[in-house]
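Inspection log for the structure reproduced underneath, given as structure tokens.
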Amino acid sequence: MELRIALVPGDGIGPDIVAQAVRVLEKVAAKGGHTLRLKSLLAGGAAIDEKGIPLPDETLEEARASDAVLLGAVGGPKWDAVPSSIRPEKALLGLRGGLGLFCNLRPAMLYSQLAGACPLRRELVEGGLDIMVVRELTGGIYFGKRGRNDEGAFDTMSYKKTEIERIARKAFEIAQRRSCHLTSVDKANILETSRLWRATVEEVKADYPDVRVDHLYVDNAAMQLVRNPKQFDVILTENMFGDILSDEASMVTGSIGMLPSASLRSDSFGMYEPIHGSAPDIAGQDKANPLATILSAAMMLRYSFNLTSEADEIEQAVEKTLAEGWRTADIWSEGMKLCGTAAMGQAVCDAIK
Ligand code: IPM
Ligand code: MG
């Protein structure tokens, strides 16, 4: 099959890690007889430097014309002083909104080989952690009206019922493929959007009678994530709560440099990226950990191309590479083999039989 993939390396370590994910994709494609059609696109600070704006029209158009997008990271202190209307982060929001990617999947897994990096007491995570955060990505306060007036500033959070319904359905479907347990997170004691959220999730639930649903307020959910993370399987929440809780969930696993993400819509198109940032301090030094991006490429094969066995193969290769002791500096511990970005990419390629 032909895989038309738009690459958006972006800034900082973005190009370093995307290059390794591409090597792994090439290896898997060659093995499975697939043809890769790759196209590199400008976004973020790199686009500001070259074109004066974070998301050139042609990037959005080329991304639209592809089957999937693999993104590295955008942003860095170099662009801290640019006006807020053209900040590098605008590229991310523009891609999410412009491509209609309303469903953001952020798996937070504890890799047994890296369990030592988990900041929680061992008994709290015994047996492993595997949480899927389903974050609404194109609505809420991120996309609401904002501004300044004489007295201050405002940001508005609004949700259409249809926006809640479609993300809820995605989450229920995912829950059905996992342990049939969904935790919906809101702030229904305060926010009207949250009351609509809760009522809508309850309505959608009728179509998924096998799924058990809990509703938690977001402050309680934040607390429960460190008190007893194993109670969670699928967490469904709106855009900003999802931003915050997904960072927390990833840190709880101790594997923040390891975690991929997928941003999806109703068809098979998706954008895939590591959840970590652009780490400009180590850019171009062969130090960055490419595993989250490699695992994002695996999610791409799974969700956009339905190449399940190829995706499994990459995920298993990553586990094998960790089991062999290969570690980039961010996940290194005593007795392990320290390696650079390229060597880690090579090790994963080698682990694919
Ligand atoms: C994320 C990031 C982005 C967000 C920023 C960079 C715009 O924090 O993907 O979680 O807030 O969504
Ligand atoms: Mg975030």
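The values are calculated or read from the model by the stated rules, or taken from the named source; none is laboratory data. Just so it is clear, the model here is predicted, and its values are computed rather than measured. In this analysis, Cβ positions are derived from the backbone assuming ideal geometry, glycine residues included, and neighbour counts consider all displayed protein chains. Areas reflect the complete protein model, heavy atoms only, side chains present, ligands, DNA and RNA absent. Shrake-Rupley method; radii C 1.70, N 1.55, O 1.52, S 1.80 Å.
Data for the structure
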{"read-out": "Candidate lysines for bridging to Lys31, where Cα separation is under 17 Å - those fewer than 8 sequence places away on the same chain excluded", "value": "Lys353"}
{"read-out": "Dipole magnitude of segment 198-286, debye to nearest 20 (Cβ charges: Lys/Arg +1, Asp/Glu -1, about Cα centre)", "value": "240 debye"}
{"read-out": "Pair Lys205, Glu248: separation of 7 Å Cα→Cβ label points (nm)", "value": "2.1 nm"}
{"read-out": "Inter-label distance, nm, simple model (7 Å from Cα along the C-beta direction), Arg4/Asp281", "value": "4.2 nm"}
{"read-out": "Dipole moment magnitude, nearest 20 debye, the chain about Cα centre, only Lys, Arg, Asp, Glu C-beta charged", "value": "320 debye"}
{"read-out": "Furthest towards positive pole of dipole, Val201, Leu70, Ala292, structure part the chain, Cβ charges", "value": "Val201"}
{"read-out": "Entries of Lys90/Lys145; Lys170/Lys320; Lys160/Lys187 with Cα pairs more than 21 Å apart", "value": "Lys170/Lys320"}
{"read-out": "Cα→Cβ-extended label distance, 7 Å offset, between Met240 and Asp219, nm", "value": "1.5 nm"}
{"read-out": "Overall form of segment 105-259 per C-alpha gyration tensor (a/c, 1.5; a/b vs b/c)", "value": "oblate"}
{"read-out": "For segment 343-353, 3J(HN,Hα) per residue [Karplus equation, 6.51 cos²θ - 1.76 cosθ + 1.60, θ = phi - 60°, Hz, x = Gly/Pro]", "value": "5, 5, x, 4, 4, 5, 4, 5, 7, 8, 5"}
{"read-out": "Carbon/sulfur fraction of accessible area - the chain, other protein chains in place, 1.4 Å, %", "value": "52 percent"}
{"read-out": "Gly72 long-range amide H proximity, modeled H, under 5 Å", "value": "Val8, Gly10"}
{"read-out": "Segments 132-143, 205-216, 293-304, 40-51 sorted - mean Cβ within 10 Å per residue, highest first", "value": "293-304, 132-143, 40-51, 205-216"}
{"read-out": "Net length gained if the chain between Glu173 and Glu26 were fully extended (0.36 nm per residue, minus Cα distance)", "value": "49.8 nm"}
{"read-out": "Computed FRET value (nearest 0.05) for Arg146 with Asn189, which takes r as the C-beta separation and R₀ as 25 Å", "value": "0.55"}
